[in-house]
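S.K.: Input: one structure, supplied below.
The values are calculated or read from the model by the stated rules, or taken from the named source; none is laboratory data. Keep in mind that this is a model prediction, so the values were computed, not measured. Because the Cβ atoms are built from the backbone with ideal geometry, glycine has one as well, and the counts that use them run over all protein chains shown. For the accessible areas, the whole protein counts, side chains as well, though only heavy atoms, and no ligand, DNA or RNA atoms are used. Shrake-Rupley method; radii C 1.70, N 1.55, O 1.52, S 1.80 Å.
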Amino acid sequence: MTRKINLVDLALLLLSLAVAAALVIHVAVPSPLRRAVVDEAERRPVEVEVRSDSTFLAGVMTPGDAQTMAHGTPGIELLEYRLEGGKIVARFRVQARKWRGRLQYGESTLVPGETFEFLADRYKLVGTITHVAP
């Protein structure tokens, strides 16, 4: 009888270890299926260069200005800007989400030629994306 109890104890121990290992793998390894099913996307920082005609904003823009996403998580940060040919050329770090092979921020797709909006505390910059670097 002692032998059966030991086999049952061993089976319960192995089952417990298997469940614990499955939980660790589930938490530690991002699953593409889970992202597809629950609309969970991989986020990655990318640099976006934008050209805008709003040269009057050069007086209020400061590198480090930021636009946050919901719950205060980082979204877009102004890295630098310069005046070039009567336009503002600004470089941003964007916490983009990679979804179905495209980089997106909010409802906007981050590709050259698309409109880009940056809303800081004191101003709003609207321009055209000229370059996206992962």
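S.K.: Taking amide H positions as placed 1.01 Å from N in the peptide plane, with prolines and chain starts having none, which residues 5 or more places from Gly75, or on another chain, fall under 5 Å of its amide H?
M.R.: Gln67, Met69
S.K.: To the nearest whole percent, what portion of all C-alpha pairs in the chain is separated by more than 19 angstrom?
M.R.: Numbers: 5409 of 8911 pairs.
Tail of P(r) above 19 Å: 61 percent of Cα pairs.
S.K.: Right, something else. Whats the longest run of the chain with zero GluC sites (Glu not before Pro) that are DSSP loop and have at most 16 other Cβ atoms within 10 Å?
M.R.: Numbers: sites that count: Glu40, Glu107, Glu114.
In short, 41-106.
S.K.: For Ala133 and Thr62 in the same chain, what is the full-extension length gain: residue separation times 0.36 nm, less their Cα-Cα distance, in nm? Can you show the working numbers first?
M.R.: On the way: separation 71, 0.36 × 71 = 25.56 nm, distance 2.16 nm.
Contour length minus Cα-Cα distance gives 23.4 nm.
S.K.: With contacts defined as alpha carbon pairs under 8 Å and 6 or more residues apart, what's the relative contact order of the chain in percent? Show your work: numbers first, answer last.
M.R.: Numbers: 207 pairs, mean separation 34.1, N = 134.
Over the chain, the number comes to 25 percent.
S.K.: Moving on. Find how much the distance from Glu47 to Leu79 grows on full extension, using 0.36 nm per residue of separation minus their present alpha carbon separation; answer in nm with one decimal.
M.R.: Stretched out fully, the Glu47 to Leu79 stretch lengthens by 10.6 nm.
S.K.: Using helices alone, I'd like the mean residue ellipticity at 222 nm for the chain: each DSSP H run of four-plus residues gives -39500 (n - 2.57), total over residue count, nearest 500.
M.R.: Working: 2 runs with 34 residues, N = 134.
Helix-only estimate at 222 nm: -8500 deg cm²/dmol.
S.K.: A further question follows. For Phe116, list long-range residues whose amide hydrogen, built 1.01 Å from N in the peptide plane, is under 5 Å from its own amide hydrogen.
M.R.: So Phe116 has HN proximity to Gly127, Thr128, Ile129.
S.K.: Quick one: accessible surface of His131, probe radius 1.4 Å, all protein chains present, in square angstrom to the nearest 10.
M.R.: That residue has around 100 Å² of solvent-accessible surface.
S.K.: Turning to a different aspect of this structure: Can you list residues from other chains, or at least 5 along the same chain, whose modelled amide H is less than 5 Å from the amide H of Ser54?
M.R.: For Ser54, the qualifying residues are Ile88.
S.K.: Quick one: length gained pulling His71 to Lys87 fully straight, 0.36 nm per residue minus the C-alpha distance? Write down the numbers at each step before the final one.
M.R.: Details: separation 16, 0.36 × 16 = 5.76 nm, distance 3.32 nm.
Extra length available between His71 and Lys87 comes to 2.4 nm.
S.K.: Across segment 47-61, in residue order, what do the Karplus-derived ³J(HN,Hα) couplings come to in whole Hz, using 6.51 cos²θ - 1.76 cosθ + 1.60 with θ = phi - 60° and x for Gly and Pro?
M.R.: Working through the residues one at a time gives 9, 10, 9, 10, 10, 9, 7, 7, 5, 5, 7, 4, x, 10, 6 Hz.
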